[in-house]
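Below: the structure, in structure tokens.
The values are calculated or read from the model by the stated rules, or taken from the named source; none is laboratory data. Just so we're clear, the structure is a prediction, and the values are computed from it rather than from any experiment. Cβ sites come from the backbone with ideal geometry, for glycine too, and all protein chains shown count toward neighbours. Ligands, DNA and RNA are stripped out before the accessible areas are found, and what is left, the full protein with its side chains, is counted by its heavy atoms. Shrake-Rupley method; radii C 1.70, N 1.55, O 1.52, S 1.80 Å.
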Amino acid sequence: MSTTSDRQSTANHSTVGGAVRALHASVLAVALAAALLGLLLPVSGGLTGLPWPIRWAVVAGLVACGQLARVRVQVATGAVSLTWGEAALIVGLHLLPAQWLPAATAAGAVLAWTVLSAGHPHRVSADAVHAGASLVAGSAAAAVLALAVRQGLSIVVLAWPALRAKLPLFTGNVLVGLSFVAVIEVDPRWLFFLVPALWFIHRGYGQRLRHEEDRRTWITFASATGALAGPDQRAVATAGAEGALDLFGAERVEVDVVTPTGVNRYTAGHDGLVVAAPPANEPSDPADTLVARSLIARSLVAAERRLGEIRVHFPAPAGAASANEAVLSAYGDALALALGNAAITAQVHDLTEQAVYQAAHDPLTELTNRVALLAEGDTALSELDRDAPAALLLFDVDRLKRVNEAMGHAAGDALLRALSDRLISLARPGELLARLDGDEFALLLTAADGPRAYRAVPPPRPMIAVAPETPHEAPPAPAEPPLLRRARQIAERLSEPIEVCDVPMSVEVTVGVAVSPAGAADMAERVRQAEHAMYRAKAASARIAAYDSAADSATVDHLSLLAEMRAALAADDQLVLDMQPAVDLATGAPTGVEALIRWQHPRRGLLTPADFVRAVEESELLARFTGYVLDQALATAGEWRAQGLDVPISVNLSARNLHDPRLPGEVGALLRRHHVPPHLLVLEITETVAMSRTGAVDDVIDGLRELGVQLSLDDFGTGFSSLSFITRIPVDELKVDRSFVRDMAGSTRATAVIRATVELGRRINARVVAEGVETADQRAALVSLGCDSGQGYHFCRPVRRDKIVPLLRSLRDSAGRATVVPLRAADDAS
């Protein structure tokens, strides 16, 4: 049995079942013809007794019958032809000399071709020529083999390669041929009984061929589908088109892929792969047109989403075989799944890239953000020599808030984009530009101009005109470092008029510059230094400032001071109270005591309020600090009362204290804890508080007044709003600032202020206390002006808390009982 497989025959769209039925019918016809021939032949002698022309004609007829008994089994990769060529050759070797066999075989092939082409002229020609050539070559090989045997050559050496290649089918055909020879020689009538054997042999051949071709088909299918796992849709579609071309043995394969912008067509043919978009007006082919064009197609659908279409073109115009359609259906599903996975992978990849980009860029200006600046800046600095100069310029856009308030946030965003575009145009290659915050931009310069670029800015010379002692000109001022000059130029360019929302405007920027060798600091530290320089520039109303380590150390010291204050508040032995009495100017009797906080720092020594109170007032420690001072002061007042001294104690409040609505409640709790009557607590309010007219401040003051504590207006007369304050808030005491007491001896204006304050105190029923009394003349002058009390070194310096009770008793005793006004009565009168 001979087998042939060819790609072009894929266009034969007859079914496999029909091919098998034709095979069985052909075998049955040949078997019956052989049986009839056996019945007609004489019993003895067989065919070998016939004349050689008849034997030659019989061999040619057997070859033709073997070809006519052929069948084409349609499979996915092509068509497989089955013939009985080897059996006919065996019979031919028995009946004819070997050298005659090729001619008889050729004659039989021509006869078979004539019969087959009469029914199917469009498809049999090439097949018949192919089969005939194979038979002639086989007969020639058989003739050579016979001659070789007669010459004594080894049959194994000559036949083993062929037997190993097609051993099962070849062996079956040889056995059938030998059986024919044996039956013909013994009794031709026995050919009739070979019919069932031929039937089952044919069925076995068909099953084996279908199994082998199916196995090859699915191996190719697995290889083709395995190649579909591409990184993107283009790679998947390319592999899909090329794999289908090999799998179906097609003339051309087209894979259409739907994309967001249209349809891309991938065409695979024997001349290569072409990627192009199909014409927009290309019509879809109806079913009858597909059959006429030898084309089968299948839509590519995954997750109910149409992803495209695959179209397989075959060379001959015939109907599509169901085997090809089944394989194409499975292949199309695999291709659709691969395209869907590639689309999802592409989306995930795009989303990942978008997330990575957004994490490293500012969404408004698309510049590098703070996080990316720190990372990329460290990388850029690490690539430089440690001593190479590098600078970070920090630009802060002034009055951006005004633009947002006046024109809206859209205008503010447009302004920031315009400034970023201008910065991009000013930046040089290799420099890193970023937007750090709402109105801050940063520019990292890693290619500074020379070694002077990282020198600190020299301090300005005193603006004092000094006549030169010689006629020589004054030495020129030192040249500005190149990096600072560059920063100033950029600031000037940024300040040039710019049009935003059709409105021309001029903006100003403040620049902080941090310059140092590349190995001196990382990016995080450089950003901190540049921000510190920028804040210094703003505080000095300057456009640009360079980082100054000395000024920075003061800031660091400020921060460390706050950290140490936390420890001091928890220690209870570092913050101590000094007491300074206020006395009656006429009698010298004590009228009150002011509590003054001191810090006995374990490392820095004794610190006065001027060293640390300002830092505390600007921090979140203020409420805790104020509570600590009030607690210590009221604890002292409670101890005095236990010893028979009812003397008011004064505590200074910060302006921020009166913005805390919790203050009245905390004061009330401390008064109750230490059993101190509210009228013995005097809270001194500064001029800054007096200037505040917020409702929150008034509510806090009203709460304190409801407790019954006394209020004192400190530094009276130094501000312009004190009079306004006392008209809306009742006070119990006015403290004349020490500057008026110091100047009243030589200034009638200072004396007039003190006299007016004393008169005002009498009018509003408030005590008047003069601060900074240091001499007897000042005391006498104040008495003549009618001032009630005084406080200063003339009477007593501040003393520690544990020494104040003996001092108060001494002042009370020295005043004389005849002239002393009882302290409790004086307090009640106030």
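Counting only strands (runs of 3 or more DSSP E) that fall entirely inside the stretch 581-654 and contain at least 1 residues that are touching a residue at least 40 places away in the same chain (Cβ under 8 Å) and open to solvent by 20 Å² or more (accessible area, probe 1.4 Å), the qualifying elements are 590-601, 649-652. When we screen E376, E383 for residues that are more than 24 Å from the chain's Cα centre (by Cα) and surrounded by fewer than 17 Cβ atoms within 10 Å (Cβ to Cβ), the only hit is E383.
Per the listing E774, E759, the residue uniquely open to solvent by 60 Å² or more (accessible area, probe 1.4 Å), over 28 Å from P677 (Cβ atoms) and either modelled with pLDDT under 90 or part of a loop (DSSP other than H, G, I, E, B) (or both) is E774. Considering every residue within the stretch 733-753, establish whether at least one is at pLDDT 85 or above and under 22 Å from Q632 (Cβ atoms). Yes; the residues of the stretch 733-753 include at least one that is at pLDDT 85 or above and under 22 Å from Q632 (Cβ atoms). Check whether at least one residue in the stretch 560-576 is closer than 30 Å to R767 by Cβ, among the hydroxyl-bearing types (S, T, Y) and open to solvent by 10 Å² or more (accessible area, probe 1.4 Å), and report yes or no. Looking for residues that are closer than 30 Å to R767 by Cβ, among the hydroxyl-bearing types (S, T, Y) and open to solvent by 10 Å² or more (accessible area, probe 1.4 Å), one finds none in the stretch 560-576, hence no.
Of the set (1) modelled with pLDDT of 90 or more; (2) under 47 Å from the mean Cα position of the chain (by Cα); (3) not hydroxyl-bearing (S, T, Y), all apply to G638 but (2). Could you grab me the full set of residues in the stretch 503-518 that are modelled with pLDDT under 85, surrounded by 14 or more Cβ atoms within 10 Å (Cβ to Cβ) and out of contact with any Ser or Thr (no Cβ under 8 Å at 6 or more places or on another chain)? Across the stretch 503-518, the qualifying residue is only M505. Would you point out which residue out of E473, E496, E480, E469 is at pLDDT 50 or above and either surrounded by fewer than 13 Cβ atoms within 10 Å (Cβ to Cβ) or within 23 Å of R399 (Cα to Cα) (or both)? Only one candidate qualifies: E496.
Test D698 against the stated conditions and say whether it is modelled with pLDDT of 90 or more, acidic (D, E) and open to solvent by less than 50 Å² (accessible area, probe 1.4 Å). Answer is no for this residue. Being closer than 17 Å to A224 by Cα and modelled with pLDDT under 85 is a property that N324 has. Against the test of being open to solvent by 50 Å² or more (accessible area, probe 1.4 Å), among the hydrophobic types (A, V, I, L, M, F, W, C) and at pLDDT 70 or above, the options A235, A162, A241, A222 yield a single qualifying residue, A222. Report yes if some residue within the stretch 523-531 is surrounded by fewer than 20 Cβ atoms within 10 Å (Cβ to Cβ), charged (D, E, K, R) and either modelled with pLDDT of 85 or more or under 21 Å from L433 (Cα atoms) (or both); otherwise report no. Yes, because at least one residue in the stretch 523-531 is surrounded by fewer than 20 Cβ atoms within 10 Å (Cβ to Cβ), charged (D, E, K, R) and either modelled with pLDDT of 85 or more or under 21 Å from L433 (Cα atoms) (or both).
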